[in-house]
Amino acid sequence: MNPEIQWITLGWMLFSGAALGMVYDSYRVLSLSFRFPRWSIHTIDLVYWIAAAVFVFNMLYASNHGELRFYVFLGLFLGVWVYFLVLSVLTQKIVVMLIGIIKQFCYIIYRALYIILVIPIKGILRLLRILFGFVIAILLFLIRMVYYIIRPFLKLLYLPIRPLISKWQTPSWMARMFSRIKEWWNYWF
């Protein structure tokens, strides 16, 4: 293998090591921010390492057809080491800033949807409740007016059948039902 390919491979491995460090830092900040369940951390770690292995293998295969040499491991180690010395803190700050921006954006979307959808629906429901109460009040008023209009006629009808009613013995369950209806009537009228 000629030296040019070896240097290209070393460069790609430096880049791959730095990329692995960046993804690891991002994952670490995300897991601390969102507090993943304890059982899922092992699964996410496994997925990270499988994805890292596939990524490094693809970079290695693209640069020198998958030949594994000492400088490949040296490049990966140096890439991760330089990344953690130089860019780790900056990456963590950028990821925290991006999380804050995404949270703020989600909050803005939530507030916009709340203002556009929820507040008008609450207002419509409140208006319907007021209208329903108004209609019920009018109906109760009309029923009361009709009752006061037909009340004298009901008394005239009651006079001829009063002797029959005086001999009638009402069952106790019917008496309780009538007393409840009377209480309800007195409450509303």
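The set of residues in the range 1-27 that are in contact (Cβ under 8 Å) with a residue 60 or more places away in the chain, open to solvent by 40 Å² or more (accessible area, probe 1.4 Å) and not aromatic (Phe, Trp, Tyr) comprises MET1, GLN6, LEU14, MET22. Condition check: within 31 Å of the chain's Cα centre (by Cα) and open to solvent by 30 Å² or more (accessible area, probe 1.4 Å). Does PHE36 satisfy that? Considered against the rule, which asks whether it is within 31 Å of the chain's Cα centre (by Cα) and open to solvent by 30 Å² or more (accessible area, probe 1.4 Å), PHE36 comes out as yes. As a summary of the residue check, TYR148 satisfies the conditions (1) of a type in the set (Ser, Thr, Tyr); (2) open to solvent by less than 100 Å² (accessible area, probe 1.4 Å); (3) over 30 Å from SER33 (Cβ atoms) except for the one numbered (2).
In this entry, LEU68 is excluded by the filter for residues that are more than 38 Å from the chain's Cα centre (by Cα), open to solvent by less than 70 Å² (accessible area, probe 1.4 Å) and of a type outside the set (Ser, Thr, Tyr). Here PHE189 fulfils each of the conditions (1) exposed (fewer than 10 other Cβ atoms within 10 Å of the Cβ); (2) at pLDDT below 85 apart from (1). Scanning the range 78-118 for residues that are open to solvent by less than 80 Å² (accessible area, probe 1.4 Å) and more than 23 Å from SER16 (Cα to Cα) gives ILE99, GLY100, CYS106, ILE109, ALA112, TYR114, VAL118.
Does ILE165 satisfy being open to solvent by less than 80 Å² (accessible area, probe 1.4 Å) and either in a helix (DSSP H, G or I) or touching a Ser or Thr at 6+ places or on another chain (Cβ under 8 Å) (or both)? Against the criterion (open to solvent by less than 80 Å² (accessible area, probe 1.4 Å) and either in a helix (DSSP H, G or I) or touching a Ser or Thr at 6+ places or on another chain (Cβ under 8 Å) (or both)), ILE165 qualifies. In the range 45-63, the residue that is most open to solvent (accessible area, probe 1.4 Å) out of those that are over 39 Å from the mean Cα position of the chain (by Cα) and within 14 Å of PHE15 (Cβ to Cβ) is ALA62.
The values are calculated or read from the model by the stated rules, or taken from the named source; none is laboratory data. Not measured: the values here are computed from a predicted model. Cβ: placed from backbone, ideal geometry, glycine included. Neighbour counts: every protein chain shown. For accessibility, only protein heavy atoms count, side chains too; no ligands or nucleic acids. Shrake-Rupley method; radii C 1.70, N 1.55, O 1.52, S 1.80 Å.
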